[in-house]
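Everything below concerns the one structure shown next.
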Amino acid sequence: RHIRSTPELDRLRAQLSSLMPYRAAAEVLAQVLPVDAGSDPETLRRHTFKVAASLPVLAAAKPATPAEAIVVTLDSTFIRSCEEGERHLEVRIGNVETTTGRRQVFGAVAKTDTDPAALIRCSLNAVGCSKGTALTAFTDGCPRLRGILLKAGVT
């Protein structure tokens, strides 16, 4: 079966790819399975995202008590490929935390369909943000990051 694979093999590929780099996961599968299980790291990446897209998205439960104060941190960094000619990724990561210890962590790769402002809003709702909640935001001063915070409603 050239392009098709069983759901079990897809889940195994996704599980291994979530625990280690795609290249290492491909090497493990090549050693363990007697069939061509997708020894190319890009094949594993595609299968991992295919499985992730099929997983159900659970709505976050709103906390019973609204948070009095929330701190939002947002930063970006570059992940550079060690291989010549490979792609480099800009990653935006952040944290939403209350004074009582409720916390949400989020991240997104730049230039993809993921909206970091939507991730911030979702995280704020998950930790109990309300109209009376005091919000404090920290960034490194990058105008792009400040724009994301403004888009998310964090002024």
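Take the residues in the stretch 66-87 that are small (Gly, Ala, Ser) and farther than 16 Å from Pro116 by Cβ, then tell me which one is most open to solvent (accessible area, probe 1.4 Å).
Gly85
Residue by residue through the stretch 48-65, note down the ones that are under 30 Å from Ala134 (Cα atoms) and open to solvent by less than 90 Å² (accessible area, probe 1.4 Å).
Listed by number, the residues that qualify are Ala60, Ala61, Pro63, Thr65.
Name the single residue, out of those in the stretch 88-117 being open to solvent by less than 20 Å² (accessible area, probe 1.4 Å) and of a type in the set (A, V, I, L, M), that is nearest to the chain's Cα centre (by Cα).
Residue satisfying both the conditions and the ranking: Ala108.
Against the condition open to solvent by 40 Å² or more (accessible area, probe 1.4 Å), of a type in the set (Ser, Thr, Tyr) and either touching a Cys at 6+ places or on another chain (Cβ under 7 Å) or not in a loop (DSSP other than H, G, I, E, B) (or both), how does Thr136 come out, does it pass?
Judged against the criteria, Thr136 is a match.
Just the residues that are more than 15 Å from Ala137 (Cβ to Cβ) and either β-branched (Val, Ile, Thr) or in contact (Cβ under 8 Å) with a residue 60 or more places away in the chain (or both), please, taken from the stretch 65-98.
If the condition is that a residue be more than 15 Å from Ala137 (Cβ to Cβ) and either β-branched (Val, Ile, Thr) or in contact (Cβ under 8 Å) with a residue 60 or more places away in the chain (or both), then Thr65, Pro66, Glu68, Thr77, Ile79, Val91 are the ones that fit.
A quick yes/no check of all residues on (1) over 26 Å from Ala64 (Cα atoms); (2) more than 13 Å from the chain's Cα centre (by Cα):
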| position | (1), (2) |
| --- | --- |
| Leu119 | no, no |
| Val127 | no, yes |
| Thr133 | no, yes |
| Arg146 | yes, yes |
| Gly153 | no, yes |
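Counting just the residues of the stretch 28-44 that are open to solvent by less than 50 Å² (accessible area, probe 1.4 Å) and not in a helix (DSSP H, G or I), which one comes out modelled with the highest pLDDT?
If we take residues in the stretch 28-44 being open to solvent by less than 50 Å² (accessible area, probe 1.4 Å) and not in a helix (DSSP H, G or I), then Leu33 is modelled with the highest pLDDT.
The values are calculated or read from the model by the stated rules, or taken from the named source; none is laboratory data. Keep in mind that this is a model prediction, so the values were computed, not measured. Here Cβ is always computed from backbone atoms with ideal geometry, including for glycine, and neighbour counts include all displayed protein chains. For the accessible areas, the whole protein counts, side chains as well, though only heavy atoms, and no ligand, DNA or RNA atoms are used. Shrake-Rupley method; radii C 1.70, N 1.55, O 1.52, S 1.80 Å.
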